[in-house]
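Chemist: I have a structure here, written as structure tokens, and I will follow up with some questions on it.
The values are calculated or read from the model by the stated rules, or taken from the named source; none is laboratory data. For clarity, every value in this text was computed on a predicted model and none was experimentally measured. Here the Cβ positions follow ideal geometry from the backbone for every residue, glycine too, while neighbour counts run over all protein chains shown.
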Amino acid sequence: MGPGLSWDLSYDVQLMFSYPFMVNAFRAGTIVAVIAATIGWFMVLRRQSFAGHTLAVIGFPGAAAATWLGLATGYGYFGFCVAGALVIAALPQHTGRTASAEQSAVIGTVQAFALALGYLFVSLYKGFLSGMTNLLFGTIVGVTNTQVLVLLASAVPCLAVLIVIGRPLLFASVDPDLARARGVPVRAVGALFLVLLGVAAAGTSQVTGSLLVFALLVAPAATPSRTRNSAPMARTGTPRARARSGSTDAKSSGRPITMSTARQGTADASRTSTWVSVTPTIVPNSRFVMPDRKPLYSETNR
């Protein structure tokens, strides 16, 4: 009878980590969790989820080509993913309403071409390809010591470069036009980030396979962005809405609109916007009061 679970949790944990494949699985899973969550957050912020999915799929023909040539699958993963990232980065940067649709169409074409290459390399391989399912879905309990070292060697430089370019990358992701005006090389920073995304996708593919990388890159990063600050924002609204509500409240209550009200609206709205336009409104049968000055208009001066 083989070992099974018992009521002693510490004994079960010690027994689990007594197997080398479980130790390698824990190490690889930890590295993948850190690199996928970090790169995935910027990927979701830059709205490049489709590009990340394409780079993950591109790893499949790379691994199939390496198997066909008798090489380690890691060479194929990293080679094809980085090459695919450079191809996507070389696409022309369009502006306008149709820019996102045009870029998505080109990326989708690259993804379809990569899948066709993958099945071509699989058909050209004359041997018995028992790891076909592993290339697509991976096997975390089959990670070797060499794969853990390769994964660590690719994750550490990737995180180091991301720390260096973190501030300009965040600036270019939030407002690329303003970042370009301030001298940030937006296109170069974006291309470097795509290369980092390709490295992260290639390293993760060795553990989870090509088809499951997208879930690790998107799901952890997209979940907090959809749930954070939802309740306070629903109660109070955005600062811009609160700035507009100040003028509405003053108009409905008949109170005079002062310059302090306008300045308060400017201060609230400037927290979330770079360019703010605040226009004071003169309410009939009321007064427009300047600070430390007499009223410019009142009913007694008619």
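Chemist: Mind listing whichever residues of segment 132-143 are closer than 20 Å to residue 200 by Cβ and either surrounded by 13 or more Cβ atoms within 10 Å (Cβ to Cβ) or without any contact (Cβ under 8 Å) to a residue 60 or more places away in the chain (or both)?
Modeler: 134, 135, 136, 138, 139, 140, 143, listed by residue number.
Chemist: Is it the case that residue 191 is under 30 Å from residue 65 (Cα atoms) and either at pLDDT 90 or above or in the same structural domain as residue 41 (by TED's automatic domain parsing) (or both)?
Modeler: In short, yes.
Chemist: If you take the residues in segment 144-191 that are free of Cβ contacts under 8 Å to residues at least 40 places away in the same chain and assigned to a loop (DSSP other than H, G, I, E, B), which one is nearest to residue 25 (Cα to Cα)?
Modeler: The qualifying residue nearest to residue 25 (Cα to Cα) is 165.
Chemist: Restricting attention to segment 52-90, report how many residues are surrounded by fewer than 24 Cβ atoms within 10 Å (Cβ to Cβ) and either outside any helix (DSSP H, G or I) or among the aromatic types (Phe, Trp, Tyr) (or both).
Modeler: 7
Chemist: Next question. Could you tell me whether residue 178 is more than 20 Å from residue 33 (Cβ to Cβ) and crowded, with 19+ Cβ neighbours inside 10 Å?
Modeler: no
Chemist: A further question on this structure: With respect to residue 184, is the statement that it is closer than 26 Å to residue 140 by Cβ and β-branched (Val, Ile, Thr) true?
Modeler: no
Chemist: Of all residues in segment 91-104 being under 20 Å from residue 198 (Cβ atoms) and outside any loop (DSSP other than H, G, I, E, B), which is modelled with the lowest pLDDT?
Modeler: Residue satisfying both the conditions and the ranking: 103.
Chemist: Of the residues in segment 41-51, how many are assigned to a helix (DSSP H, G or I) and either at positive phi or among the polar types (S, T, N, Q) (or both)?
Modeler: The total comes to 1.
Chemist: If you don't mind, there's one more thing I want to ask. What about residue 163, is it β-branched (Val, Ile, Thr) and surrounded by 14 or more Cβ atoms within 10 Å (Cβ to Cβ)?
Modeler: Taking the combined requirement at face value, the residue does not satisfy it.
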